[in-house]
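The block underneath contains the structure these notes are about, expressed in structure tokens.
Please treat every number below as a calculation from the coordinates, not as lab data. Computed from a prediction, not measured in an experiment: that's the story for all the values here.
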Ligand SMILES: Nc1ncnc2c1ncn2[C@@H]1O[C@H](COP(=O)(O)OP(=O)(O)O)[C@@H](O)[C@H]1O
Ligand SMILES: [Mg+2]
């Protein structure tokens, strides 16, 4: 890696917030469509979403379809002191959201808590993703602590094609994602079980 995580974060966040709103909306629509067309989505009963901030790809279409098809929707709530995420049931409406840590809209703390092990599909936000499934976040390690507890979940990053880079520094605490959805479609990362080139 030639550039530091910090520098990559800065560049990616700057590029994301500079996106034209129409372009962001179009790319978000296509990325969500790729998720909605996947067998992973069709199979999932319990889905963990996020609410976009700072130019992150929108998830409203996923929330709408989940609601319409009676999937169980969850959202994370940040506990900043412990650097951890609590998962709460969410009805998919803005009425159940409050402004939380880092200015992120989050579910009210009185909504029912859910066990991470119950999640079938997690839609993971990120600052950058690489072709092995490694992910760069904002630096808090929140998802690094959550993902290992989601034993059965399919883990799919949601973002824009420019956020997909060749290689991020892999760290021991990294839990690899299964794929990333962008405006170019759903890219599934190769796993150790896939056939290797000779
Ligand atoms: N599973 C974990 N348990 C405890 N601390 C962790 C865990 N995963 C990551 N961390 C810590 O969280 C911090 C941020 O991790 P990093 O991967 O740089 O951030 P991000 O994934 O948000 O970009 C690091 O100090 C890292 O050691
Ligand atoms: Mg990390």
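Key figures for this structure:
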| read-out | value |
| --- | --- |
| Length-normalised contact order for segment 5-188 - Cα pairs under 8 Å, 6+ apart - percent | 24 percent |
| Debye equation applied to the C-alpha atoms of the chain, log10 I(q)/I(0) at 0.09 Å⁻¹ | -0.31 |
| Calculated [θ] (222 nm, deg cm²/dmol) that DSSP helices of n ≥ 4 give over the chain, each run adding -39,500 (n - 2.57) | -7000 deg cm²/dmol |
